[in-house]
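The block underneath contains the structure these notes are about, expressed in structure tokens.
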Amino acid sequence: MLDPTTQRQIELFLFEEARLLDSGDFQGWLKLYEPQGIYWMPSKPGQTDPLNVASIIYEDHGILSIRVQRLLEERALVLTPMPRTTHVVGNIEAEPAGQEAGEAAFKVGATFICIVHQGDKQTLYSGRHSYDLVRSGEAFRIKMKRVALMNSDATHAPMTIPL
Amino acid sequence: MIEPHALDIPTADDIRGLVRPDHVHRRAYADPAVFQLEQERIFGRLWIYVAHESQVKKPGDFVRTRLGGHEVLVTRGEDEKINVLINRCPHRGARLCMVDQGTSRLFSCPYHAWVFKPDGSLSSVPHRQSYPASFDLNDPINHMQRIKQIQTYRGFIFATLNENPAPLLNHLGAMTEVIDNLVDRAPDGEVEMGESYFSVEYRGNWKLHMENAADIFHPSFVHASSVMPARKAPANASILDQDQTREMLLANGFGFKEWEGIQLNGLPGGHAYMTNIYSNGVLVQKEADTIATQYRAALVAKVGEERTAEILGMNRFNNIVYPNLIINAQYQQMRVATPIAVDRTLVRIYCFRLKGAPDEMFHRSVRFLTTLGSPASMIFSDDIEMLERCQQGLSKDEGPWVDFSRGFDSDRRDANGMLSGAASEMPMRVQFQAWLNYLTAEAA
Ligand code: FES
Ligand SMILES: [Fe+2]
């Protein structure tokens, strides 16, 4: 069990992430990641293997920054009009996960709901987030974020904004 | 689903009125009656890819897929034979199997517990004594409906609702070469379908996707939003994939110069493919690529240097097998576009493992699948956006004609079919010529 202060800090960190995404500050969002951080959205429930099983997204900082530029500068066709989102994060449970290069590490689980509005279209996503976080000074950084969509293996329409 | 005959089926003359040598009427994309005729005469008569043998290795293995307007199960029976069965209980019509794949020695209908074997025959019914004396377990009327015509080419299973089809090989023609090439790339001479695939649905007619796959003109425009950031990104910034994703995004950035060497090929029957694409671009093997070197050595060990050079030298991109299959042997990718309604299409995107090749080759192919076919793909999502915008425009009766004239004056013909440069819309003209022939053919 984490002390209430750290628990609260982690919750606030997740809320900040949601706010950055909702306000379209994707650069700010990317800064929450470690230089080697990974964003992973599996294509199957319970998927553990990102190499032999295709993922919806399996990207590290290098590729994510291309994705972010596409969102911000290049205005991909699929982003016209720019979608607006509401990311809701809840049921946040964090536990200590030892030390990582001298910094405290944490494993965090949360549920999420995200509603994406684009023009007159509305899409609803939900599922579980799992994070590997490390503390860096006062803040946290994401080493790994796994986004397990409840319907990861379903038929999908194109996805635009990170969840 | 619209009941057959609910719409006035267009006559052959109606259909002829929709296709000009270099223009097509918007009704080809937007008219439900034309769609119904396509379901009958294209998806109901041609050989349609249904599954790969590696998905149904053992008796009882099955996959659920679509054939024409039907949902079907492709199964392997106890006798090792492949079956294609309509997914419907013959008793009172309930849909039987509710999962996409699996293994089951028996299919039992949960409603009144009729039990079927993987070949569709009726194995038992409970409380046999309450059925009439004449009720016969062996009567085909009590069996899951079988699709009789099934043919396999090197592991690729095709079926047709046509009771009297010409052989599969006639339909495939020169497109067998790309299936051969995909399979021959495996040092063990066999490919296996990867366990993961994507299902993406878009709000547009199925032909839009097939045209887009033959369209070399669009990438530099449609995919600019992923090409530009990939150009700005430093090489090898990613630790995950040896720069593969960035290079794939970059590859769409070819312009007028890269078009020069590319040749488009259109075949009778509506098939098309491209040659010499990416031959001097970014996706060429690099000197220091140890995985590719190991893989090549594995292939050489099995088939020799000369044959290896021949196999790996075959450079045919986006092989489009009419009506709805796209194969990419170099990257072991495959797509199937299944029409759901006149304005709805399901695209399934798969990849293959080359048996006998290093595991990392398969990881690459999985990576291609994600980069090119995931619903979150930075490439595919922009394609879909354009397909949907086309459908939105074509659904209204505002100017009937779609233009396919680009390259019309410079297309050539040889003994095999049509040839053109990259900028030509020849493949779409070839597709529509075939479409016209299929839709106006009275008898199967
Ligand atoms: S509907 Fe299937 S057993 Fe009755
Ligand atoms: Fe494209």
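Within the stretch A:121-155, the set of residues being without any contact (Cβ under 8 Å) to a residue 60 or more places away in the chain and within 12 Å of another protein chain (Cβ to nearest Cβ) comprises A:LYS121, A:THR123, A:TYR125, A:ASN151, A:ALA154, A:THR155. B:GLU192 satisfies every condition listed in (1) within 12 Å of another protein chain (Cβ to nearest Cβ); (2) within 22 Å of A:PRO158 (Cα to Cα) except (2).
Filtering the stretch B:389-402 to residues that are more than 9 Å from every other protein chain (Cβ to nearest Cβ) and assigned to a helix (DSSP H, G or I) leaves B:CYS390, B:GLN391, B:GLN392, B:GLY393, B:LEU394. Scanning the stretch B:314-368 for residues that are over 29 Å from B:GLN36 (Cβ atoms) and of a type in the set (Asp, Glu) returns B:ASP359, B:GLU360.
Output the residues belonging to the stretch B:220-243 that are part of a helix (DSSP H, G or I) and either modelled with pLDDT under 90 or at positive phi (or both).
Going residue by residue through the stretch B:220-243, those that are part of a helix (DSSP H, G or I) are B:220-222, B:224-232.
Selection gives B:SER220 alone.
Among the residues of the stretch B:56-66, are any of a type in the set (S, T, N, Q), outside the structural domain of B:ILE320 (by TED's automatic domain parsing), crowded, with 20+ Cβ neighbours inside 10 Å and part of a loop (DSSP other than H, G, I, E, B)? Within the stretch B:56-66, none of the residues are of a type in the set (S, T, N, Q), outside the structural domain of B:ILE320 (by TED's automatic domain parsing), crowded, with 20+ Cβ neighbours inside 10 Å and part of a loop (DSSP other than H, G, I, E, B). The single condition among (1) away from chain A (no Cβ under 14 Å); (2) in contact with a strand residue (DSSP E or B) (Cβ under 7 Å, 6 or more places away or on another chain) that B:LEU299 does not meet is (2).
Cβ-Cβ contacts under 7 Å between residues 6 or more apart (or on different chains), taken from a first residue in the stretch B:371-397 that is farther than 27 Å from B:THR245 by Cα to a second residue that is at pLDDT 95 or above and among the aliphatic types (A, V, I, L, M), are listed as B:CYS390/B:LEU208; B:GLN391/B:LEU208; B:LEU394/B:ALA30; B:SER395/B:ALA30.
For residues in the stretch B:90-99 being surrounded by 19 or more Cβ atoms within 10 Å (Cβ to Cβ) and hydrophobic (A, V, I, L, M, F, W, C), which is farthest from ligand 2 (Cβ to nearest atom)? Before the answer, list the steps.
Within the stretch B:90-99, the first condition is being surrounded by 19 or more Cβ atoms within 10 Å (Cβ to Cβ), and the residues that meet it are B:90, B:96-97.
Within this subset, residues satisfying the condition of being hydrophobic (A, V, I, L, M, F, W, C) are B:96-97.
Numbers: B:LEU96: 38, B:CYS97: 34 Å.
Within the stretch B:90-99, the match that is farthest from ligand 2 (Cβ to nearest atom) is B:LEU96.
Listed by first and then second residue, the pairs linking a residue in the stretch A:40-68 that is over 16 Å from B:LEU369 (Cα atoms) and facing chain B (nearest Cβ under 7 Å) to a residue that is assigned to a strand (DSSP E or B) and not polar (S, T, N, Q), with Cβ atoms under 6 Å apart and 6 or more places separating them unless they lie on different chains, are A:ASP60/A:ILE38.
Among the residues of this structure, B:GLU195 counts as one that is under 24 Å from B:MET361 (Cβ atoms) and either of a type outside the set (Ser, Thr, Tyr) or assigned by TED's automatic domain parsing to the domain that holds B:LEU264 (or both). In the stretch B:77-89, is there at least one residue being surrounded by 14 or more Cβ atoms within 10 Å (Cβ to Cβ), within 14 Å of chain A (Cβ to nearest Cβ) and away from ligand 1 (no atom under 16 Å from the Cβ)? Scanning the stretch B:77-89 turns up no residue that is surrounded by 14 or more Cβ atoms within 10 Å (Cβ to Cβ), within 14 Å of chain A (Cβ to nearest Cβ) and away from ligand 1 (no atom under 16 Å from the Cβ).
Okay, residues lined up against (1) over 29 Å from B:LEU346 (Cβ atoms); (2) within 14 Å of another protein chain (Cβ to nearest Cβ):
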site	(1), (2)
B:TYR202	no, yes
B:LYS207	no, no
B:ALA237	yes, yes
B:GLN263	yes, no
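Yes/no per residue for (1) assigned by TED's automatic domain parsing to the domain that holds B:LYS355; (2) over 30 Å from A:LEU77 (Cβ atoms); (3) within 16 Å of ligand 2 (Cβ to nearest atom); (4) out of contact with any His (no Cβ under 7 Å at 6 or more places or on another chain):
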site	(1), (2), (3), (4)
B:LEU172	no, yes, no, yes
B:GLU201	yes, no, no, yes
B:LEU208	yes, no, yes, yes
B:GLU211	yes, no, yes, yes
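For the stretch B:307-346, give me the residue count where each residue is among the polar types (S, T, N, Q) and away from every other protein chain (no Cβ under 14 Å). Full working, then the answer.
Taking the stretch B:307-346 as the starting set, the residues that turn out to be among the polar types (S, T, N, Q) are B:308, B:315, B:318-319, B:324, B:328, B:330, B:332-333, B:338, B:345.
Then drop every residue that is not away from every other protein chain (no Cβ under 14 Å), which leaves B:308, B:315, B:318-319, B:324, B:328, B:330.
The number of residues fulfilling the criteria is 7.
Residue count for the stretch B:209-228 under the criterion of being more than 13 Å from B:ARG335 (Cβ to Cβ), away from chain A (no Cβ under 13 Å) and in contact with a helix residue (DSSP H, G or I) (Cβ under 6 Å, 6 or more places away or on another chain): the result is 1.
So which of A:GLU34, A:GLU11, A:GLU93 ends up being more than 7 Å from chain B (Cβ to nearest Cβ) and in a helix (DSSP H, G or I)? From the options A:GLU34, A:GLU11, A:GLU93, the qualifying one is A:GLU11.
Taken over the stretch B:304-343, the residue count meeting the criterion of being among the hydroxyl-bearing types (Ser, Thr, Tyr) and part of a strand (DSSP E or B) is 1.
Checked against (1) within 19 Å of the chain's Cα centre (by Cα); (2) within 12 Å of ligand 2 (Cβ to nearest atom), B:ALA224 passes all but condition (1). The single condition from (1) modelled with pLDDT under 95; (2) crowded, with 22+ Cβ neighbours inside 10 Å that B:GLY69 fails is (2).
Table: residues versus (1) surrounded by 22 or more Cβ atoms within 10 Å (Cβ to Cβ); (2) more than 14 Å from every other protein chain (Cβ to nearest Cβ).
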residue	(1), (2)
B:MET361	no, no
B:LEU369	yes, no
B:GLY373	yes, no
B:ARG406	no, yes
B:ARG413	no, yes
B:VAL430	yes, yes
B:ALA434	no, yes
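Yes/no matrix, rows are residues, columns are (1) more than 10 Å from the chain's Cα centre (by Cα); (2) not assigned by TED's automatic domain parsing to the domain that holds B:ASN252:
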site	(1), (2)
B:ALA292	yes, yes
B:ALA298	yes, yes
B:GLU305	yes, yes
B:TYR322	no, no
B:TYR331	yes, no
B:MET334	no, no
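Whether any residue in the stretch B:248-261 is in contact with a Cys (Cβ under 7 Å, 6 or more places away or on another chain), modelled with pLDDT of 90 or more and under 30 Å from A:HIS61 (Cβ atoms) is what I want to check. Checked the stretch B:248-261: no residue is in contact with a Cys (Cβ under 7 Å, 6 or more places away or on another chain), modelled with pLDDT of 90 or more and under 30 Å from A:HIS61 (Cβ atoms).
If you go through the stretch A:26-53 and keep only what is charged (D, E, K, R) and more than 21 Å from A:SER136 (Cα to Cα), you end up with A:LYS44, A:ASP49. The set of residues in the stretch B:348-388 being in a helix (DSSP H, G or I), among the charged types (D, E, K, R) and away from ligand 2 (no atom under 11 Å from the Cβ) consists of B:ASP359, B:GLU360, B:ARG364, B:ARG367, B:GLU388.
The values are calculated or read from the model by the stated rules, or taken from the named source; none is laboratory data. Predicted model only: the values in this text are computed from it and were never measured. Reconstructed Cβ throughout: ideal geometry from the backbone, glycine too, with neighbour counts over all protein chains shown.
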